[in-house]
1. Determine if region 112-121 includes at least one residue that is in contact with a Leu (Cβ under 6 Å, 6 or more places away or on another chain) and in contact (Cβ under 8 Å) with a residue 24 or more places away in the chain.
2. Note down all Cβ pairs under 8 Å where the first residue falls in region 210-222 and is in contact (Cβ under 8 Å) with a residue 24 or more places away in the chain, the second is in a helix (DSSP H, G or I) and of a type in the set (S, T, N, Q), and they're at least six residues apart or on different chains.
3. Listed residues Ala231, Ala267, Ala225, Ala202; which is without any contact (Cβ under 8 Å) to a residue 40 or more places away in the chain, surrounded by fewer than 17 Cβ atoms within 10 Å (Cβ to Cβ) and part of a helix (DSSP H, G or I)?
4. Within the bounds of region 36-43, is there any residue that is assigned by TED's automatic domain parsing to the domain that holds Arg68, more than 22 Å from the chain's Cα centre (by Cα) and farther than 25 Å from Phe91 by Cα?
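The values are calculated or read from the model by the stated rules, or taken from the named source; none is laboratory data. On a predicted model such as this, the values are computed, not experimentally measured, just so you know. Here the Cβ positions follow ideal geometry from the backbone for every residue, glycine too, while neighbour counts run over all protein chains shown.
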Amino acid sequence: MNNEKVALRDARAAAEQGDATAQNRLGEMYAKGRGVAQDDTEAAAWYRKAAEQGDTNAQFNLGEMYMRGVERDDPERDDPEQNDAQAVAWFRKAADQGHAQAQYGLGWAYEEGRGVARDDAQAVAWYRKAADQGLAGAQYNLGFMYAEGRGVARDDAQAITWYRKAADQGLAIAQSFLDEMSAEGRDVVREDAQAAERFRKAAEQGDRGAQYDLGEMYRDGRGVAKDDVQAVAWFMKAADQWHADAQYELGVMHRDGRGVPKDDVQAVAWFRKAADQGGHVRAQYNLGLMHNEGQGVAKDDAQAVAWYRKAMRLTGSAAVPFRTFDSALSEAVERRNAKAQYDLAWMYEKGLGVSRDHAQAVAWYRKAADQGHGKAKKALRRMEAGGRGK
């Protein structure tokens, strides 16, 4: 019996005993087709059982299903239909308990007027709650609201601050908006210099967040002269205080040989430290890449898949359009990594992290198949045989 079948058996046994965490996990297995045929109806049923017991992940998952709806291959099936009001109701239950993705989903609903009256002030309030928990999409959207003066007084300094936080997590669109603000002369350079001084004062007093921020500024040459050695030094100070983003950045610096000699073994070690701290998506994804390519660790496809899936489980909803994992996948795709192309196709097919799009799924399966990826070839034949994505 393979690992997924064992996990399915264990989850089902606990779920049938009323364990809410197991019910949500079983819902996710049905939603993603892990160890069982993919079935959105079953997924929704198990999500609902857990959600009604107050499980915030299940409440968010159920809200996400209502927000995007489920494509019906068989009109006789009772698959969940798109229902914005129901989506908002479930997002709110989870958001009120501090679930960051649900807070973002609720903010997005208020901004777009989906299931609630459009209310930019409420959108800002919910984006801020999620942004304060480090969700990159929320940080980007909060920056946008400040830049445009929607739901809050226009404030370029605040816009820059939140765009920068999102950009530093790999969100390319946030960096694009920063570049646009700089081209328009909207105080980016001056704000960076002032921020560097503020961070230095706090960093020298041992504040790990400021140490990390100062490391980023040295890495990027913002407000200070670009200096990878100084960046590593400040990242190290923060990482020694268990700052997960700093640990991740040290993994990148060792992998790329920036400020330190290139050392893939050290890169893996730092990525693992970050990944083990409650789930750092970019660290988990990079561990998948390192295992997939045999960099700093023995090549191990099973471990690569396991880390990719850990990252996927944390990326959440099609209702939240910008995700760090998307950026990591895009980077891998640009490097023509067939496994990443297959993963991206799978996300498009299932509607995980992006809107479901069979044409995009077929396009990315084909890219992976053209590189000899066996599962991609099978998926491509399956979709083309079913007339999907043409």
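1. Within region 112-121, none of the residues are in contact with a Leu (Cβ under 6 Å, 6 or more places away or on another chain) and in contact (Cβ under 8 Å) with a residue 24 or more places away in the chain.
2. As it stands, the answer is Gly215/Gln230, since those pairs meet every condition given.
3. After applying the criteria, what remains is Ala202.
4. Looking through region 36-43, at least one residue is assigned by TED's automatic domain parsing to the domain that holds Arg68, more than 22 Å from the chain's Cα centre (by Cα) and farther than 25 Å from Phe91 by Cα.
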